[in-house]
Amino acid sequence: MSGSCVNAEAIAPLAVPIALRAGGRDDIQQWFAVETRHRFEKRVVAQLDYKGVKVFLPLLTEHHTWTDRQQSVTIPLFPGYVFVYIDQSQDSCRAVLRTVGLIRFVRLGGVIATVSPKEIEDLQLLLQKKGLFSLHAFAQTGQRVRIRGGCLHGLEGILIQHEKDKLVISIESIQRSLSVEIQGYDLELV
């Protein structure tokens, strides 16, 4: 009997989940968020990539200035989190969990949370277009909108009413959000 990582009980880092997802299939691949040790994100990505696991680590380049020099530093957009695209088989879960520096799959309500492909695509679009954005407190309220036209066409998020020129893009499974400047873009309700 094959297992599933989605409905697994709280599992130790090297344990294998055994519960089957009701009505689900183990061979369907989905995005999941995993938690990593502090400053281990890039090492976890390298190990998972070596194992053949598709991973996504959104990175942000910041320019730091010290008294004696300036330097560009690439840091994780969401420190402590990496996204993996796997099926729910025991082998896939085991490969992910047996990664040095990886703590666990992110859970919501005791169940391992999936990340929608649209959320991943929106993040990739923002990073690719080098849009003007900043980290923002996680938001669940407000009107959900989609950008029409321009280089950010199709990007969805929650419009912040008190800041009319900002759109908040939220990744629900890790409770993190980005605030994107949308001045000059047309919006439509989703």
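Since every read-out is calculated from the coordinates, none of them should be taken as a lab result. Predicted model, so just to flag it, every value in this text is computed and none were measured. Heads up, the Cβs are rebuilt from the backbone with ideal geometry, glycines too, and the neighbour counts pull from every protein chain shown.
Below is a table of values for the structure above.
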{"read-out": "FRET E, pair Lys118, Ile75, Förster distance 22 Å, beta-carbon r, rounded to 0.05", "value": "0.35"}
{"read-out": "Long-range HN-HN contacts of Trp31 with modeled amide H, under 5 Å", "value": "Val115"}
{"read-out": "Net charge of Cβ neighbours under 14 Å - reference Asp122; Lys, Arg +1; Asp, Glu -1", "value": "+1"}
{"read-out": "Long-range amide H partners of Arg176 with built H, under 5 Å", "value": "Ile171"}
{"read-out": "Cross-link reach list, lysines versus Lys118, counting only Cα pairs under 20 Å and skipping chain neighbours closer than eight places", "value": "Lys54, Lys129, Lys130, Lys166"}
{"read-out": "Sum of side-chain charges, Val73 neighbourhood, beta-carbon under 13 Å (Lys, Arg +1; Asp, Glu -1)", "value": "+2"}
{"read-out": "Eligible lysines near Lys51 by straight Cα distance, threshold 18 Å, same-chain separation 8 or greater", "value": "Lys42"}
{"read-out": "Relative packing of peptides 93-102, 50-59 - highest average C-beta neighbours within 10 Å first", "value": "93-102, 50-59"}
{"read-out": "Packing-based ranking, highest mean first, of 172-181, 67-76 given that Cβ atoms within 10 Å are counted", "value": "172-181, 67-76"}
{"read-out": "Residues whose placed amide H lies under 5 Å from that of Ile160, excluding near-sequence neighbours", "value": "Lys166, Val168"}
